[in-house]
């Protein structure tokens, strides 16, 4: 995809923090990463909205029932296992 120069106004502190967090070499790279993530997130939000707008069909419910929920219902404290010390 072709890229072109653009002039933007941004908070330098936020840009530098984001740059450090993602390990980007430049502010342009940070903006590119941010836009990619925003696009993915908004597409996901739209997909979820569309999914919620249409209730599952009887066939979809039956398929989900085949798996059951037993494997998800355990006493493991996942938050404790994966919390930072």
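Values quoted throughout were computed directly from the atomic coordinates according to the rules given, and no laboratory measurement underlies them. Keep in mind the model is a prediction, meaning the values are calculated, not measured. When we count neighbours, we look across all protein chains shown, and the Cβ atoms used for this are built from the backbone with ideal geometry, even at glycine.
Match the structure shown to one of the listed values (i) 87; (ii) 209; (iii) 172 of volume of the Cα convex hull per residue in Å³, computed from it, and give that label.
(ii)
Between residue 74 and residue 17, how many nm apart are label points set 7 Å from Cα along the C-beta direction?
3.7 nm
If you take the beta carbon distance between residue 3 and residue 47 as r and set R0 to 35 Å, what does 1/(1 + (r/R0)^6) give as a FRET efficiency, to the nearest 0.05?
Efficiency, rounded to the nearest 0.05: 0.80.
Given 0.36 nm per residue, what is the gain on full extension from residue 38 to residue 10 after removing their alpha carbon distance, in nm?
Value of the extension gain: 8.4 nm.
Could you line up 57, 27 from fewest to most neighbouring Cβ atoms inside 10 Å?
57, 27
Using only Cα atoms and rounding to the nearest 10 degrees, what angle (0 to 90) does helix 27-53 make with the longest principal axis of the chain?
Helix 27-53 and the main axis of the chain meet at about 30 degrees.
Between 0 and 90 degrees, rounded to the nearest ten: what's the tilt of helix 58-67 against the longest Cα principal axis of the chain?
The two axes meet at around 90 degrees.
By how many degrees, between 0 and 90 and to the nearest 10, does the Cα long axis of helix 12-22 differ from the longest principal axis of the chain?
Taking the Cα atoms of the chain, the angle to 12-22 is about 50 degrees.
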